[in-house]
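S.K.: Dropping a structure here in C-alpha coordinates format, bear with me for questions.
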Amino acid sequence: MQAMLTYLKNNRDTTLLGCALILLVLALLQPSIPVKRNIYSYFLVIDITQSMNVVDMSINGKAVSRLEYTKHRLHETISSLPCGTKVGLGLFSGVNVVSLYFPIDVCENFSSIKDTLDHVDWRSAWTADSRVRESMLATAQVLNNFPEPAQVVFFSDGEEAPKLHSFNTRDLSTLQGAGGWLLVGIGSMQGAPIPKFTEKNQLLGYWSHESMQLATGAAPIAAAGLLTRKNDLAENANDRYVAKLSEASMQTMAKEIGASYVRGDSLQALQTAMEKQAPARSEWAPFNLNSVLALAAGLILIGLYLPWSRLSRG
(Lines give C-alpha, C1' and ligand atoms only; values in the text may rest on other atoms or scores of the structure.)
Protein backbone atom coordinates (compact mmCIF):
# COMPACT_ATOMS: atom_id res chain seq x y z
CA MET A 1 0.00 0.00 0.00
CA GLN A 2 2.82 2.33 0.94
CA ALA A 3 4.63 1.50 -2.28
CA MET A 4 1.52 2.36 -4.32
CA LEU A 5 1.13 5.71 -2.58
CA THR A 6 4.78 6.49 -3.20
CA TYR A 7 4.41 5.62 -6.88
CA LEU A 8 1.32 7.80 -7.28
CA LYS A 9 3.09 10.69 -5.57
CA ASN A 10 6.16 10.39 -7.77
CA ASN A 11 4.05 10.04 -10.93
CA ARG A 12 1.50 12.75 -10.34
CA ASP A 13 0.82 13.39 -14.04
CA THR A 14 -0.01 9.76 -14.66
CA THR A 15 -2.22 9.68 -11.56
CA LEU A 16 -4.17 12.79 -12.58
CA LEU A 17 -4.59 11.56 -16.14
CA GLY A 18 -5.90 8.29 -14.78
CA CYS A 19 -8.37 10.13 -12.55
CA ALA A 20 -9.55 12.23 -15.48
CA LEU A 21 -10.04 9.09 -17.58
CA ILE A 22 -12.06 7.41 -14.83
CA LEU A 23 -14.27 10.49 -14.49
CA LEU A 24 -14.90 10.60 -18.24
CA VAL A 25 -15.82 6.90 -18.31
CA LEU A 26 -18.25 7.46 -15.45
CA ALA A 27 -19.72 10.46 -17.27
CA LEU A 28 -20.40 8.27 -20.32
CA LEU A 29 -22.43 5.96 -18.09
CA GLN A 30 -24.71 8.95 -17.29
CA PRO A 31 -25.16 8.29 -13.56
CA SER A 32 -27.82 10.21 -11.67
CA ILE A 33 -29.07 10.76 -8.13
CA PRO A 34 -32.66 11.49 -7.04
CA VAL A 35 -33.30 15.06 -5.92
CA LYS A 36 -36.48 16.85 -4.95
CA ARG A 37 -37.25 19.74 -7.26
CA ASN A 38 -40.03 22.22 -7.82
CA ILE A 39 -42.00 21.88 -11.04
CA TYR A 40 -43.18 25.15 -12.56
CA SER A 41 -46.13 24.72 -14.88
CA TYR A 42 -48.05 27.67 -16.32
CA PHE A 43 -51.40 28.00 -18.06
CA LEU A 44 -51.09 31.23 -20.05
CA VAL A 45 -54.52 32.60 -20.97
CA ILE A 46 -54.83 35.28 -23.67
CA ASP A 47 -57.82 37.60 -23.96
CA ILE A 48 -58.79 37.70 -27.67
CA THR A 49 -61.94 39.82 -27.34
CA GLN A 50 -62.34 42.86 -29.59
CA SER A 51 -61.09 45.39 -27.04
CA MET A 52 -57.71 43.69 -27.36
CA ASN A 53 -57.60 45.12 -30.91
CA VAL A 54 -57.30 48.61 -29.42
CA VAL A 55 -54.05 50.22 -30.58
CA ASP A 56 -52.61 51.88 -27.49
CA MET A 57 -49.40 49.91 -26.90
CA SER A 58 -46.02 50.10 -28.62
CA ILE A 59 -43.14 47.77 -29.50
CA ASN A 60 -39.81 49.46 -30.28
CA GLY A 61 -41.62 52.72 -30.87
CA LYS A 62 -44.23 51.22 -33.21
CA ALA A 63 -47.91 51.45 -32.22
CA VAL A 64 -49.50 48.00 -31.92
CA SER A 65 -52.70 46.47 -30.64
CA ARG A 66 -53.02 45.05 -27.16
CA LEU A 67 -53.20 41.55 -28.59
CA GLU A 68 -50.00 41.94 -30.61
CA TYR A 69 -48.31 43.40 -27.56
CA THR A 70 -49.46 40.44 -25.44
CA LYS A 71 -48.05 37.99 -27.96
CA HIS A 72 -44.77 39.90 -28.04
CA ARG A 73 -44.57 39.92 -24.24
CA LEU A 74 -45.32 36.19 -24.11
CA HIS A 75 -42.56 35.45 -26.62
CA GLU A 76 -40.10 37.29 -24.37
CA THR A 77 -41.39 35.62 -21.23
CA ILE A 78 -41.39 32.08 -22.59
CA SER A 79 -37.89 32.55 -24.04
CA SER A 80 -36.62 33.40 -20.55
CA LEU A 81 -38.08 30.35 -18.81
CA PRO A 82 -35.60 27.61 -17.85
CA CYS A 83 -35.77 24.14 -19.36
CA GLY A 84 -38.06 21.87 -17.39
CA THR A 85 -40.70 24.58 -17.11
CA LYS A 86 -44.02 23.63 -18.66
CA VAL A 87 -46.32 25.97 -20.57
CA GLY A 88 -49.88 25.57 -21.78
CA LEU A 89 -51.84 28.14 -23.80
CA GLY A 90 -55.49 29.12 -23.55
CA LEU A 91 -57.84 31.67 -25.12
CA PHE A 92 -60.59 33.74 -23.51
CA SER A 93 -63.71 35.11 -25.19
CA GLY A 94 -67.24 35.71 -23.97
CA VAL A 95 -67.49 33.84 -20.67
CA ASN A 96 -65.39 30.83 -21.65
CA VAL A 97 -61.77 29.83 -21.62
CA VAL A 98 -60.49 27.07 -23.90
CA SER A 99 -57.19 25.26 -23.63
CA LEU A 100 -55.18 24.88 -26.83
CA TYR A 101 -53.02 22.22 -25.17
CA PHE A 102 -51.91 21.03 -21.75
CA PRO A 103 -48.64 22.41 -20.32
CA ILE A 104 -45.63 21.03 -22.21
CA ASP A 105 -41.87 21.41 -21.72
CA VAL A 106 -40.84 24.85 -22.89
CA CYS A 107 -37.47 23.77 -24.34
CA GLU A 108 -38.51 20.54 -26.03
CA ASN A 109 -41.52 22.25 -27.63
CA PHE A 110 -40.27 25.82 -28.02
CA SER A 111 -40.87 25.99 -31.77
CA SER A 112 -44.42 24.64 -31.44
CA ILE A 113 -45.28 27.09 -28.65
CA LYS A 114 -43.83 29.98 -30.65
CA ASP A 115 -45.77 28.96 -33.75
CA THR A 116 -49.01 28.73 -31.77
CA LEU A 117 -48.47 32.22 -30.37
CA ASP A 118 -47.79 33.61 -33.83
CA HIS A 119 -51.17 32.31 -35.02
CA VAL A 120 -53.27 33.60 -32.11
CA ASP A 121 -55.86 35.86 -33.74
CA TRP A 122 -58.88 37.82 -32.52
CA ARG A 123 -60.94 36.10 -35.24
CA SER A 124 -60.74 32.89 -33.21
CA ALA A 125 -63.17 34.51 -30.74
CA TRP A 126 -66.54 32.77 -30.60
CA THR A 127 -68.52 35.78 -29.31
CA ALA A 128 -68.23 39.57 -29.19
CA ASP A 129 -68.87 39.78 -25.43
CA SER A 130 -66.14 40.02 -22.82
CA ARG A 131 -67.12 38.78 -19.35
CA VAL A 132 -63.77 38.75 -17.58
CA ARG A 133 -65.16 38.03 -14.10
CA GLU A 134 -67.13 35.07 -15.45
CA SER A 135 -63.97 33.75 -17.11
CA MET A 136 -62.30 33.21 -13.74
CA LEU A 137 -64.77 30.42 -13.02
CA ALA A 138 -64.32 29.03 -16.52
CA THR A 139 -60.53 29.02 -16.06
CA ALA A 140 -60.87 27.00 -12.86
CA GLN A 141 -63.05 24.45 -14.68
CA VAL A 142 -60.43 24.08 -17.42
CA LEU A 143 -57.70 23.50 -14.83
CA ASN A 144 -59.76 20.74 -13.24
CA ASN A 145 -59.38 18.78 -16.47
CA PHE A 146 -55.60 19.12 -16.59
CA PRO A 147 -53.60 15.94 -15.89
CA GLU A 148 -51.38 17.89 -13.48
CA PRO A 149 -51.56 21.19 -11.53
CA ALA A 150 -50.67 24.49 -13.22
CA GLN A 151 -50.47 28.13 -12.24
CA VAL A 152 -52.61 30.60 -14.20
CA VAL A 153 -51.23 33.74 -15.83
CA PHE A 154 -54.17 35.62 -17.35
CA PHE A 155 -53.47 38.42 -19.87
CA SER A 156 -56.37 40.85 -20.34
CA ASP A 157 -57.32 44.52 -20.45
CA GLY A 158 -60.14 43.77 -18.02
CA GLU A 159 -62.71 45.32 -20.36
CA GLU A 160 -66.20 44.07 -19.54
CA ALA A 161 -68.73 44.14 -22.38
CA PRO A 162 -71.57 44.59 -21.64
CA LYS A 163 -70.65 46.80 -18.72
CA LEU A 164 -71.12 45.36 -15.26
CA HIS A 165 -74.14 46.22 -13.16
CA SER A 166 -75.37 44.83 -9.87
CA PHE A 167 -77.44 42.16 -11.61
CA ASN A 168 -74.71 40.83 -13.91
CA THR A 169 -71.66 41.01 -11.62
CA ARG A 170 -70.62 37.46 -10.83
CA ASP A 171 -69.88 36.64 -7.19
CA LEU A 172 -66.43 35.05 -7.09
CA SER A 173 -66.47 34.09 -3.41
CA THR A 174 -67.15 30.46 -4.32
CA LEU A 175 -64.09 30.18 -6.56
CA GLN A 176 -61.61 27.69 -5.12
CA GLY A 177 -57.97 27.15 -6.03
CA ALA A 178 -57.25 30.58 -7.52
CA GLY A 179 -54.73 31.51 -4.85
CA GLY A 180 -51.42 32.07 -6.61
CA TRP A 181 -52.89 33.03 -9.97
CA LEU A 182 -51.49 36.09 -11.71
CA LEU A 183 -53.61 38.63 -13.59
CA VAL A 184 -51.67 40.72 -16.11
CA GLY A 185 -53.11 44.05 -17.20
CA ILE A 186 -52.64 44.94 -20.88
CA GLY A 187 -53.45 48.41 -22.22
CA SER A 188 -52.98 52.06 -21.37
CA MET A 189 -54.81 54.22 -18.87
CA GLN A 190 -55.52 56.76 -21.64
CA GLY A 191 -57.20 54.17 -23.84
CA ALA A 192 -58.31 54.33 -27.46
CA PRO A 193 -61.42 53.45 -29.51
CA ILE A 194 -62.29 49.80 -30.13
CA PRO A 195 -62.05 49.04 -33.85
CA LYS A 196 -64.50 46.76 -35.61
CA PHE A 197 -63.12 44.62 -38.42
CA THR A 198 -64.51 42.32 -41.05
CA GLU A 199 -63.54 38.66 -41.15
CA LYS A 200 -60.78 39.71 -43.55
CA ASN A 201 -59.39 42.21 -41.02
CA GLN A 202 -60.73 45.22 -42.91
CA LEU A 203 -61.64 48.16 -40.68
CA LEU A 204 -65.35 48.97 -40.71
CA GLY A 205 -65.29 51.65 -38.03
CA TYR A 206 -65.28 51.93 -34.25
CA TRP A 207 -67.68 50.73 -31.61
CA SER A 208 -70.04 53.41 -30.30
CA HIS A 209 -70.94 54.23 -26.72
CA GLU A 210 -74.36 52.68 -27.29
CA SER A 211 -72.86 49.38 -28.36
CA MET A 212 -71.30 48.91 -24.92
CA GLN A 213 -74.58 49.30 -23.05
CA LEU A 214 -76.97 46.53 -22.08
CA ALA A 215 -80.12 46.14 -24.11
CA THR A 216 -83.35 47.62 -22.76
CA GLY A 217 -84.92 45.38 -20.12
CA ALA A 218 -81.68 43.47 -19.52
CA ALA A 219 -82.24 43.02 -15.80
CA PRO A 220 -85.16 40.57 -16.09
CA ILE A 221 -83.29 38.36 -18.55
CA ALA A 222 -79.86 38.52 -16.90
CA ALA A 223 -80.39 35.29 -15.00
CA ALA A 224 -81.26 33.51 -18.24
CA GLY A 225 -77.97 34.50 -19.83
CA LEU A 226 -79.70 36.25 -22.71
CA LEU A 227 -77.99 39.62 -22.38
CA THR A 228 -77.39 41.34 -25.70
CA ARG A 229 -75.83 44.58 -26.88
CA LYS A 230 -76.54 46.95 -29.70
CA ASN A 231 -74.37 46.39 -32.73
CA ASP A 232 -73.81 50.07 -33.44
CA LEU A 233 -70.79 51.77 -34.99
CA ALA A 234 -69.79 55.28 -33.99
CA GLU A 235 -71.02 57.95 -36.38
CA ASN A 236 -68.20 60.33 -35.51
CA ALA A 237 -65.07 60.57 -33.37
CA ASN A 238 -67.00 61.94 -30.39
CA ASP A 239 -69.30 58.91 -30.37
CA ARG A 240 -66.50 56.36 -30.23
CA TYR A 241 -66.28 54.26 -27.08
CA VAL A 242 -62.79 54.59 -25.58
CA ALA A 243 -61.55 51.41 -23.90
CA LYS A 244 -58.96 51.87 -21.16
CA LEU A 245 -57.07 49.37 -19.09
CA SER A 246 -59.56 48.44 -16.37
CA GLU A 247 -56.84 48.22 -13.77
CA ALA A 248 -59.02 48.93 -10.75
CA SER A 249 -61.48 46.17 -11.62
CA MET A 250 -58.66 43.68 -12.28
CA GLN A 251 -57.02 44.55 -8.97
CA THR A 252 -60.33 44.14 -7.16
CA MET A 253 -60.96 40.83 -8.89
CA ALA A 254 -57.45 39.60 -8.03
CA LYS A 255 -58.00 40.47 -4.38
CA GLU A 256 -61.34 38.64 -4.31
CA ILE A 257 -59.90 35.38 -5.62
CA GLY A 258 -56.53 35.58 -3.84
CA ALA A 259 -54.56 36.23 -7.01
CA SER A 260 -51.86 38.81 -7.75
CA TYR A 261 -51.94 41.61 -10.29
CA VAL A 262 -49.20 43.22 -12.39
CA ARG A 263 -49.11 45.44 -15.42
CA GLY A 264 -47.81 43.81 -18.56
CA ASP A 265 -45.88 46.84 -19.82
CA SER A 266 -42.76 45.81 -17.90
CA LEU A 267 -41.08 42.50 -18.74
CA GLN A 268 -39.03 42.59 -15.55
CA ALA A 269 -42.10 43.19 -13.39
CA LEU A 270 -43.92 40.32 -15.11
CA GLN A 271 -40.99 37.94 -14.67
CA THR A 272 -40.63 38.90 -11.02
CA ALA A 273 -44.35 38.32 -10.42
CA MET A 274 -44.18 34.90 -12.09
CA GLU A 275 -41.12 33.96 -10.03
CA LYS A 276 -43.12 34.73 -6.89
CA GLN A 277 -45.83 32.27 -7.89
CA ALA A 278 -45.64 29.02 -6.00
CA PRO A 279 -44.51 25.98 -7.99
CA ALA A 280 -47.30 23.86 -9.41
CA ARG A 281 -45.94 20.86 -7.51
CA SER A 282 -42.78 19.21 -6.16
CA GLU A 283 -41.49 15.80 -7.15
CA TRP A 284 -38.44 13.56 -6.94
CA ALA A 285 -36.53 13.58 -10.20
CA PRO A 286 -33.14 12.24 -11.37
CA PHE A 287 -30.26 14.71 -11.43
CA ASN A 288 -27.70 13.74 -14.07
CA LEU A 289 -24.10 13.76 -12.85
CA ASN A 290 -22.45 13.35 -16.27
CA SER A 291 -21.88 17.07 -16.76
CA VAL A 292 -20.40 17.39 -13.25
CA LEU A 293 -18.04 14.46 -13.83
CA ALA A 294 -17.03 15.74 -17.26
CA LEU A 295 -16.35 19.20 -15.81
CA ALA A 296 -14.17 17.71 -13.06
CA ALA A 297 -12.18 15.74 -15.65
CA GLY A 298 -11.73 18.86 -17.74
CA LEU A 299 -10.47 20.86 -14.76
CA ILE A 300 -7.93 18.14 -13.97
CA LEU A 301 -6.62 18.18 -17.55
CA ILE A 302 -6.43 21.97 -17.58
CA GLY A 303 -4.60 21.93 -14.24
CA LEU A 304 -1.93 19.62 -15.65
CA TYR A 305 -0.87 22.20 -18.22
CA LEU A 306 -1.09 25.40 -16.24
CA PRO A 307 2.25 27.23 -15.88
CA TRP A 308 2.30 26.94 -12.10
CA SER A 309 1.72 23.20 -12.37
CA ARG A 310 4.69 22.71 -14.68
CA LEU A 311 6.92 24.80 -12.44
CA SER A 312 5.95 22.81 -9.36
CA ARG A 313 7.09 19.67 -11.15
CA GLY A 314 10.53 21.15 -11.59
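For every residue, the table says whether it meets (1) open to solvent by 30 Å² or more (accessible area, probe 1.4 Å); (2) in contact with a Gly (Cβ under 6 Å, 6 or more places away or on another chain); (3) within 28 Å of P149 (Cα to Cα); (4) at pLDDT 95 or above.
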{"site": "N231", "(1), (2), (3), (4)": "yes, no, no, no"}
{"site": "K255", "(1), (2), (3), (4)": "yes, no, yes, no"}
{"site": "R263", "(1), (2), (3), (4)": "yes, yes, yes, yes"}
{"site": "A280", "(1), (2), (3), (4)": "no, no, yes, no"}
{"site": "W284", "(1), (2), (3), (4)": "yes, no, yes, no"}
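S.K.: Next up: Consider region 41-61. How many of its residues are open to solvent by 70 Å² or more (accessible area, probe 1.4 Å) and modelled with pLDDT under 95?
M.R.: Total satisfying the criteria: 2.
S.K.: What number of residues within region 169-191 are out of contact with any strand residue (DSSP E or B) (no Cβ under 7 Å at 6 or more places or on another chain) and open to solvent by less than 10 Å² (accessible area, probe 1.4 Å)?
M.R.: Matching residues across region 169-191 total 2.
S.K.: Within region 81-93, is there a residue that is modelled with pLDDT under 95 and either open to solvent by 60 Å² or more (accessible area, probe 1.4 Å) or assigned to a helix (DSSP H, G or I) (or both)?
M.R.: yes
S.K.: Quick one: would you say N201 is assigned to a helix (DSSP H, G or I) and at pLDDT below 95?
M.R.: No.
S.K.: Also, quick follow-up: Checking S211 against (1) modelled with pLDDT under 75; (2) open to solvent by 40 Å² or more (accessible area, probe 1.4 Å); (3) among the hydroxyl-bearing types (S, T, Y); (4) in contact with a Leu (Cβ under 9 Å, 6 or more places away or on another chain), which single condition isn't satisfied?
M.R.: S211 satisfies every listed condition except (2).
S.K.: Restricting to region 115-140, name every residue that is open to solvent by less than 20 Å² (accessible area, probe 1.4 Å) and either outside any helix (DSSP H, G or I) or more than 17 Å from F102 (Cβ to Cβ) (or both).
M.R.: V120, S130, V132, S135, M136
S.K.: List, please: which pairs have Cβ atoms under 6 Å, are six or more places apart or on different chains, and start with a residue in region 49-74 that is aromatic (F, W, Y) and end with one that is not in a helix (DSSP H, G or I)?
M.R.: Y69/M57
S.K.: Within region 141-158, track down each residue that is buried (at least 18 other Cβ atoms within 10 Å of the Cβ), at negative phi and either touching a Pro at 6+ places or on another chain (Cβ under 6 Å) or not β-branched (V, I, T) (or both).
M.R.: L143, A150, Q151, F154, F155, S156, D157
The values are calculated or read from the model by the stated rules, or taken from the named source; none is laboratory data. All figures in this text were calculated on a predicted structure; none of them were measured in a lab. Cβ atoms come from the backbone with ideal geometry, glycine included; neighbour counts cover every protein chain shown. Protein only, heavy atoms only, side chains kept; ligands, DNA and RNA dropped before computing areas. Shrake-Rupley method; radii C 1.70, N 1.55, O 1.52, S 1.80 Å.
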